[in-house]
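The values are calculated or read from the model by the stated rules, or taken from the named source; none is laboratory data. This structure is a prediction, so every number in the text was calculated from the model and none was measured. Methodologically, a virtual Cβ is constructed for each residue, glycine included, from the backbone with ideal geometry; neighbour enumeration extends over all protein chains shown. In case anyone asks, the SASA skips ligands and DNA or RNA and just uses the protein heavy atoms, side chains included. Shrake-Rupley method; radii C 1.70, N 1.55, O 1.52, S 1.80 Å.
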Amino acid sequence: MTKRLALVAANWKMNGTLKTIRPLVQEVIGGLKDDCHADIAICPPSIYLQELQTLLTGSRIGLGAQNASHLEAGAYTGEISVNMLKDYNCQYVIVGHSERREFYHETDDRVAEKFIRVSAAGMIPILCIGEQLSERESGETDTVIARQLDAVINMAGIDGFKDAVIAYEPVWAIGTGKTATPQQAQEVHAFIRLQLARHDDEVADKTRILYGGSVKPSNAADLFSMADIDGGLIGGASLVAADFLNICLAAG
Ligand code: PEP
């Protein structure tokens with residue numbers, strides 16, 4: 001089995017102002033310990049990418065975006081293209097976050113188009129998948145996960161996952177304070193890896209699968225100790241430097 005390097009990515013969502021993000025980033029950079037070996041990334045609101053690019057210069061923290069258009073360029077008011085994200089040296093782009101699926105009606109196919117666009121531009125897509133509470137309660141978790149994953153595999157091919165990251169984010173755990181137990185999360189992560197392995201063992205073995213959903217310093221180490229959990233996508237706790245740093249440390 002490949003030893004996968006953990007990744008901890010901060011998803012700031014629509015939070016922060018110039019006044020608050022500067023000290024936050026400086027505190028994270030200053031507090032990052034040498035014995036934290038995980039890859040770290042911050043995904044700020046896109047309007048702050050330029051500021052973050054400057055603030056992160058010389059640090060080992062990567063830059064990511066929270067979304068990108070599925071289209072290349074043109075008359076699409078308010079949209080941001082992958083080439084624009086490249087201009088700010090983004091390494092990662094989150095695609096298919098449940099908030100985008102729910103509030104902006106992004107379908108599985110639209111998410112797959114974004115995934116392909118991000119990869120083609122040379123950035124790493126962080127593909128978010130996860131079930132709603134009602135789907136978990138009616139025993140449909142595996143079906144939903146397989147459907148969301150297959151939409152991307154069918155369009156991008158399994159080779160599209162060679163440099164991709166997957167984030168399993170049960171929707172009922174996002175921003176709710178309710179975390180999946182390490183066992184619940186591990187079960188789904190193993191299922192995701194199995195779905196990839198049906199197409200390519202090597203890709204399955206190498207792909208980093210992050211857990212997201214109310215990760216905090218108090219539960220991060222237990223989650224990250226599971227065999228198929230390779231780090232986390234962190235929302236609320238990434239807005240507090242000390243919490244984010246402790247989560248990064250727990251990732252190895
Ligand atoms: C997220 O939005 O990706 C997330 C995991 O949020 P939170 O950590 O706040 O649950």
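For the range 146-183, how many residues are outside any loop (DSSP other than H, G, I, E, B) and more than 16 Å from the ligand (Cβ to nearest atom)?
Here the count works out to 15.
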* Structure fact -> Pairing a residue in the range 198-218 that is open to solvent by 70 Å² or more (accessible area, probe 1.4 Å) with any residue that is within 16 Å of the ligand (Cβ to nearest atom), where Cβ atoms lie under 6 Å and the two sit 6 or more apart in sequence or on different chains, gives Lys216/Ala237
* Every residue from the range 184-211 that is over 14 Å from Met226 (Cβ atoms) and not in a helix (DSSP H, G or I) -> Arg198, His199, Asp200, Thr207
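Results for (1) farther than 30 Å from Asp108 by Cβ; (2) within 16 Å of the ligand (Cβ to nearest atom); (3) open to solvent by 10 Å² or more (accessible area, probe 1.4 Å), shown as yes or no for each residue.
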position	(1), (2), (3)
Leu5	no, no, yes
Ile29	yes, no, yes
Pro44	no, yes, no
Gly64	no, yes, no
His70	no, no, yes
Ala75	no, no, yes
Ile80	no, no, yes
* Structure fact -> Going through (1) within 14 Å of the ligand (Cβ to nearest atom); (2) open to solvent by less than 30 Å² (accessible area, probe 1.4 Å); (3) within 23 Å of Pro44 (Cα to Cα) one by one, Asp230 fails only at (1)
* Asked: Between a first residue in the range 127-155 that is over 15 Å from Gly213 (Cβ atoms) and modelled with pLDDT of 95 or more and a second residue that is among the acidic types (Asp, Glu) and open to solvent by less than 20 Å² (accessible area, probe 1.4 Å), which pairs have beta carbons less than 8 Å apart while being 6 or more apart in sequence or on different chains?
  -> Glu140/Glu131
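Residues of the range 165-179 being surrounded by 15 or more Cβ atoms within 10 Å (Cβ to Cβ) and touching a Phe, Trp or Tyr at 6+ places or on another chain (Cβ under 7 Å), which ones?
Correct list: Tyr168 only.
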* **Within the range 102-143, considering residues that are open to solvent by less than 10 Å² (accessible area, probe 1.4 Å) and among the β-branched types (Val, Ile, Thr), the one farthest from the ligand (Cβ to nearest atom)** => Val118
* Which of the following residues is under 29 Å from Ala197 (Cα atoms), within 19 Å of the chain's Cα centre (by Cα) and assigned to a loop (DSSP other than H, G, I, E, B): Glu106, Glu99? -> Glu106
* Structure fact -> Contact list, first residue from the range 231-246 and among the polar types (S, T, N, Q), second anywhere and more than 10 Å from the ligand (Cβ to nearest atom) and not in a strand (DSSP E or B), beta-carbon distance below 8 Å, six or more apart or interchain, is Ser238/Phe244; Asn246/Pro217; Asn246/Ala220
